[in-house]
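The values are calculated or read from the model by the stated rules, or taken from the named source; none is laboratory data. Quick caveat: nothing in here was measured; it's all calculated off a predicted structure. Cβ atoms come from the backbone with ideal geometry, glycine included; neighbour counts cover every protein chain shown. To get the accessible areas, we keep the full protein, side chains included, count just its heavy atoms, and leave off ligands, DNA and RNA. Shrake-Rupley method; radii C 1.70, N 1.55, O 1.52, S 1.80 Å.
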Amino acid sequence: MRLAAALFCFALSTYGADEWLRLKSPNFELYTTAGEGKGKQAIRYFEQMRGLFQRFSGNNTAPRQPVRLTAFRNDKEYAPYRPSETAAAYYLPGNQRDYIVMRSIADEFYPLALHEYTHLIVKHSGARLPVWLNEGIAELYASTRPYANKIQIGAVLPSRAAVLSQSKFIPLDQLFSAGHDSPFYNEKDRAGMFYAQSWLLTHMLHFSPDYRPKAQQFLGAVGKGKHAAEAFFEIYGKSTQGVEKDLQAYLRSDTVYAVLLDGKLEKSAEAPEITPASAFETGMILADLLSNMRGKREEAAARYRALAASNPGQPEVEEALGWLALRGGRKDAAIDHFQRAAEAGSKSPKMYFDFAMLSWERERGSRKVVDLLKRVVQLDTNFPDGHWQLAMAALNARDYATAGVALAHIRTITPDRAFQMFEGMARVHYEAGRLEEAGKSASRAKEHARTPSQLEYIMKFQQAIEYKANPGPRLARREQAPVYPSLEGALRQLDCSGEQARLHVETAGKRVVLLIRDPANVQIRNTGDATYEFTCGPQKGEKVKVEFAPQAAEGAVGYVVSIEFVR
């Protein structure tokens, strides 16, 4: 181990560790060997592009930590960290922050890096974009050009325009359905047209007078999972064939639309902080890059171990070794490394969170898990999922005081967590003797019950609250199964395009929409000797009685529990 550490330190010194600089602006950290002048130019460019993205798209989503840019001076330096022969820049989601890695910070590589940065921003926005739109947006922003304190977006990409003029269009239904495993995305002779057509369609959405007014509405719908063809029809009233016809006309048009936006920077971005990067910093960064590359994890582990030997007591190395072990599926080793990082004084909320989640698998409901998650929210009060997981762990450990404090910090409740949220609050109030509040929370939980078992459970809990609030002798009574509301009408439509199927029933002259969460849990009654098979699309108008768990969600009145055919 000492020999390995010595050899690593020698390699680092001959590699030119003293030449690495660290430049820090409000939203980026740049580590580079290309010199101060080019470094300042590069970090200023990325700050301008970030501002452009926010102003043009209206998307203010940003990574919680500054994005770390790593830029090399030449091909020789870059080669060991290049994921493929053709990659001149790439985006790497790191353990605690995101990386954009560049072969060089020469001007010609900026569009490639900006393409990757756009993917990073889209990922942090939470939008679930199809591949064509994700790549089309990245290509659109890669076309930006700075002009003094202005930035142009929408410039024609000559390479993409050339492909479009020479190749046959991909049918839009195939473009829309292409995934990361599609030949259109992966095969070299097809990928060029896929990227070019995705760019052109995205350009038309953002700049064409006929499409731009509703572009954000379209992007929002598709980002929430709606199929592009359906979104085009609902928002623009156009079929796939109509959109393709418009796209062909847009390509042939003599007019190219673009916009020029203010690119002025804040003073803090104009003058980044510049310091020499230490050998430990650069050693950790380069090992981090290797740790995320297939086939190079053993080399990354050797570098981490060498850094640990030459820099004893640094929790960052144990954190990194823990994540490397976790990436390889070695959970016990990850726990050991995280434990050592904690003992070394780690201040990483991400490490404590991952440590807690691994420990939860072993010791569900244990005090240790609660204490680890408490450490997470102490270090970062806004850590994603920190308060939620703390509340769930504390409820499991019957630490209702801690659970109550954690639940009080949660400001946004997603539909999939609403039942647990209100059920947890009901338990906290119940254990504290606040029975009126417990009853109110239990009623809210009942409104958000998503399955028959959840509804049955919360109804029993409501009975327990009632009994405790009104003690005294009572006649024993059998537990009753929950009674669901129902409606009768004609089956008209079964939509299968979203995450959950949507059943349309016509009753009293109007259509009512109900969600089908899990078809296997829906009871089908009175079908006679035949087996009724649901197919997506229009139905034949069969008369049915539908029982449902009421919950207003996604334009529906509730979730289907049973369907009875009325003969």
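List of remarks:
- Residue list for segment 204-220, filter: closer than 17 Å to V131 by Cβ and either of a type outside the set (A, V, I, L, M, F, W, C) or open to solvent by less than 20 Å² (accessible area, probe 1.4 Å) (or both): L205, F218
- L133 closer than 24 Å to E230 by Cα and buried (at least 19 other Cβ atoms within 10 Å of the Cβ): yes
- Of all residues in segment 441-463, those satisfying the criterion of being within 18 Å of L407 (Cα to Cα) and not basic (K, R) are S441, A442, S443, A445, H448.
- Residue within segment 244-258 that is outside any helix (DSSP H, G or I) and surrounded by 17 or more Cβ atoms within 10 Å (Cβ to Cβ) present: no
- Residue check for Y99: touching a Leu at 6+ places or on another chain (Cβ under 7 Å) and either open to solvent by 50 Å² or more (accessible area, probe 1.4 Å) or of a type in the set (F, W, Y) (or both): yes
- One residue alone among V370, V317 is farther than 14 Å from G94 by Cα and in contact with an Asp or Glu (Cβ under 9 Å, 6 or more places away or on another chain), and that residue is V370.
- Residue count for segment 407-421 under the criterion of being at pLDDT 90 or above and open to solvent by 20 Å² or more (accessible area, probe 1.4 Å): the result is 5.
- Sole exception among (1) open to solvent by 80 Å² or more (accessible area, probe 1.4 Å); (2) polar (S, T, N, Q); (3) at pLDDT below 80 for T451, by number: (1)
- Residue match in segment 479-493 (condition: at pLDDT 75 or above, open to solvent by less than 30 Å² (accessible area, probe 1.4 Å) and either touching a Leu at 6+ places or on another chain (Cβ under 8 Å) or part of a loop (DSSP other than H, G, I, E, B) (or both)): yes
- The C-beta contact set for segment 106-129 (first residue over 29 Å from E36 (Cβ atoms) and in a helix (DSSP H, G or I), second residue polar (S, T, N, Q) and open to solvent by 50 Å² or more (accessible area, probe 1.4 Å), distance under 8 angstrom, 6+ apart or interchain) is empty.
Results for (1) modelled with pLDDT of 90 or more; (2) closer than 19 Å to F338 by Cα; (3) open to solvent by less than 30 Å² (accessible area, probe 1.4 Å), shown as yes or no for each residue.
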residue: M357; (1), (2), (3): yes, yes, no
residue: E361; (1), (2), (3): no, yes, no
residue: T381; (1), (2), (3): yes, no, no
residue: L390; (1), (2), (3): yes, yes, yes
residue: V405; (1), (2), (3): yes, no, no
